[in-house]
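Written out below as structure tokens is the structure these notes cover.
We did not get these values from a lab; they are worked out from the coordinates using the rules stated. Model, not experiment: these values are computed from the prediction. Please note: Cβ atoms are built from the backbone with ideal geometry, for glycine as well, and neighbour counts cover all protein chains shown.
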Amino acid sequence: MTIDHISLPKGVGPHASKLLDAIAGAATPEDLNRAGGKAEGFVLGLEASKAIKSQVAESLYVAYDDAASQREGELKG
């Protein structure tokens, strides 16, 4: 899973990708919860500071949520 298709401001992409990697690589449900929370806060901060438009924020939220759901299934499986 990637976020390469999402148009992000310069310098934001690497941080967004690291958060996605943290979600995908979470070793425990607690790690997954923590990584998901960080990702959500990251997007909220970008949106609140008007660094990204609400459509871009929604795309990031969906990408992070999808990755978290997938990882949760893997951890249970």
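Per-structure values
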{"quantity": "Full-extension gain in nm, LYS76 to VAL62, via 0.36 nm per residue minus C-alpha separation", "calculated": "2.9 nm"}
{"quantity": "Fluctuation leader among ALA67, ALA51, ALA39 - the chain, Gaussian network, Cα springs under 10 angstrom", "calculated": "ALA51"}
{"quantity": "The chain: calculated mean residue ellipticity at 222 nm from DSSP helix runs of at least 4, using -39500 (n - 2.57)", "calculated": "-25000 deg cm²/dmol"}
{"quantity": "Largest-first principal axis extents, alpha carbons of the stretch 22-66, Å", "calculated": "33, 17, 10"}
{"quantity": "For ARG71, ARG34, order by how many other beta-carbon atoms lie within 10 Å, fewest first", "calculated": "ARG34, ARG71"}
{"quantity": "Listed residues LEU20, LEU44, LEU32, most fluctuating in the chain (Gaussian network, C-alpha, under 10 Å)", "calculated": "LEU44"}
{"quantity": "Over the chain: Rg over Rh, Cα atoms, Kirkwood Rh", "calculated": "0.97"}
{"quantity": "Residue of GLY11, GLY36, GLY45 that the Gaussian network model of the chain assigns the largest fluctuation, springs spanning Cα pairs under 10 Å", "calculated": "GLY11"}
{"quantity": "Fewest-first sequence of VAL43, VAL56 by Cβ atoms within 10 Å of each Cβ", "calculated": "VAL56, VAL43"}
